[in-house]
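Below: one structure, written as structure tokens.
The values are calculated or read from the model by the stated rules, or taken from the named source; none is laboratory data. Computed from a predicted model, the values in this text were never measured in an experiment. Reconstructed Cβ throughout: ideal geometry from the backbone, glycine too, with neighbour counts over all protein chains shown.
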Amino acid sequence: MTNSSGKRERKTIQSVETALEILEVIREKEIAGVTEIADEFGRSKSTVHHYLATLEEHGYLERSDGKYQLGLRFLTLGGKVREQEQLYHLGKSDVDKLARETGEKARLIVERDGYGITLYQSSGNAIEDTPTHVGSIEELYCTAAGKAFLAELPDEEVSTYLGETTMHAYTQNTITDPEELRDQLEAIRSRGIAFDDEERYDGIRCVASSIVSSDDTLLGALSVSAPEDRVSDERFRSEIPDLLQNIVGVVEINTTYSRWEDMF
């Protein structure tokens, strides 16, 4: 697992860090005004406004009715980053197939710095809006894909993750007890399937399985999510997991074949 705590300490530029922190606040709030952002940092509105104006000037922010939201410039950068991910190219068509066959939202997720990031998603015919999008960042302990990632780690790395993570309760079903999570990870290792039963979002059930290369490198995870009123226990615990594992197997074969081709 990629973890920022394992990186060497480096000197950073404070002004760049401030700009990035402002962008993170806007990402989380989706849209925010100068006063709201300034209050987050305890800085003057004039200082924050200078940062906002600079980011807007370069297309990273857009302003509407005096409030700021992320600009389309990030779409250019994000699209370029995604194109560099081999797993995106190898798994995209299989995510589409999974969405068609389940009629639900299927996602391809990768882990970075202790979070799950949606690399690609596709919706089936029956899907309603669910609260994820390409680029969504989610905690690992309370999502199916995240738990699938954690289950692939040795115990000492899981302990490190738990020691550095505050397990916030997003819903009444969120697991916040580290030992209970460890028990779930054992079950996931045994079956190869992880479940999120309204643990991250109320009313949403999710199933996921990790994607591992032939040399046991963790590449990502595939997940299927749907409103709980459309997913019976049988479908949640058996039907979707079986279909999911079949498609994960295809993706893993594709990654192995691709790596073999790259040698020639």
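Of note:
- Filter result (basic (Lys, Arg) and touching a residue at least 40 places away in the same chain (Cβ under 8 Å)) within region 95-113: LYS97, LYS105, ARG107, ARG112
- The selection criterion, being under 17 Å from the mean Cα position of the chain (by Cα) and part of a strand (DSSP E or B), holds for ALA226.
- Tabulated pairs, region 82-94, first among the polar types (S, T, N, Q), second modelled with pLDDT under 90, C-beta under 7 angstrom, 6+ apart or interchain: GLN86/SER258
- Flag for GLY66 being more than 23 Å from LYS147 (Cα to Cα), exposed (fewer than 14 other Cβ atoms within 10 Å of the Cβ), touching a residue at least 40 places away in the same chain (Cβ under 8 Å) and of a type outside the set (S, T, N, Q): no
- Given (1) at pLDDT below 90; (2) part of a loop (DSSP other than H, G, I, E, B); (3) among the aromatic types (Phe, Trp, Tyr), number of the condition TRP260 does not satisfy: (2)
- All of (1) closer than 26 Å to PRO131 by Cβ; (2) surrounded by 15 or more Cβ atoms within 10 Å (Cβ to Cβ) hold for THR76 with one exception: (2).
- Top-ranked residue of region 118-145 - restricted to ones that are buried (at least 17 other Cβ atoms within 10 Å of the Cβ) and among the β-branched types (Val, Ile, Thr), ranked as modelled with the highest pLDDT: THR143
- When PHE149 is tested against the conditions (1) free of Cβ contacts under 8 Å to residues at least 60 places away in the same chain; (2) within 17 Å of VAL224 (Cβ to Cβ); (3) not aliphatic (A, V, I, L, M), the lone failure is (1).
- Of all residues in region 1-37 being outside any helix (DSSP H, G or I) and of a type in the set (Val, Ile, Thr), the one that is modelled with the highest pLDDT: ILE31
- Considering region 146-170, the residues that are part of a loop (DSSP other than H, G, I, E, B) and within 18 Å of the chain's Cα centre (by Cα) include one that is surrounded by the fewest Cβ atoms within 10 Å (Cβ to Cβ), namely THR166.
- Some residue of region 55-62 being touching a strand residue (DSSP E or B) at 6+ places or on another chain (Cβ under 7 Å), under 30 Å from VAL250 (Cβ atoms) and not charged (D, E, K, R): no
- Hits in region 232-258 - residues which are of a type in the set (A, V, I, L, M, F, W, C), crowded, with 17+ Cβ neighbours inside 10 Å and without any contact (Cβ under 8 Å) to a residue 60 or more places away in the chain: PHE236, VAL248
- Condition check for TYR141: over 24 Å from ASP229 (Cα atoms), in contact with a helix residue (DSSP H, G or I) (Cβ under 7 Å, 6 or more places away or on another chain) and not polar (S, T, N, Q): no
- GLY192 being of a type in the set (Gly, Ala, Ser) and closer than 20 Å to SER123 by Cβ: no
- Residue in region 190-213 that is assigned to a helix (DSSP H, G or I) and either assigned by TED's automatic domain parsing to the domain that holds LEU140 or surrounded by fewer than 14 Cβ atoms within 10 Å (Cβ to Cβ) (or both) present: yes
- Just one of the numbered conditions (1) in contact (Cβ under 8 Å) with a residue 60 or more places away in the chain; (2) assigned to a helix (DSSP H, G or I); (3) of a type in the set (Ser, Thr, Tyr) is not true of THR132: (2).
- Qualifying residue in region 237-259 (condition: under 24 Å from HIS133 (Cα atoms), of a type in the set (Phe, Trp, Tyr) and in the same structural domain as LYS105 (by TED's automatic domain parsing)): no
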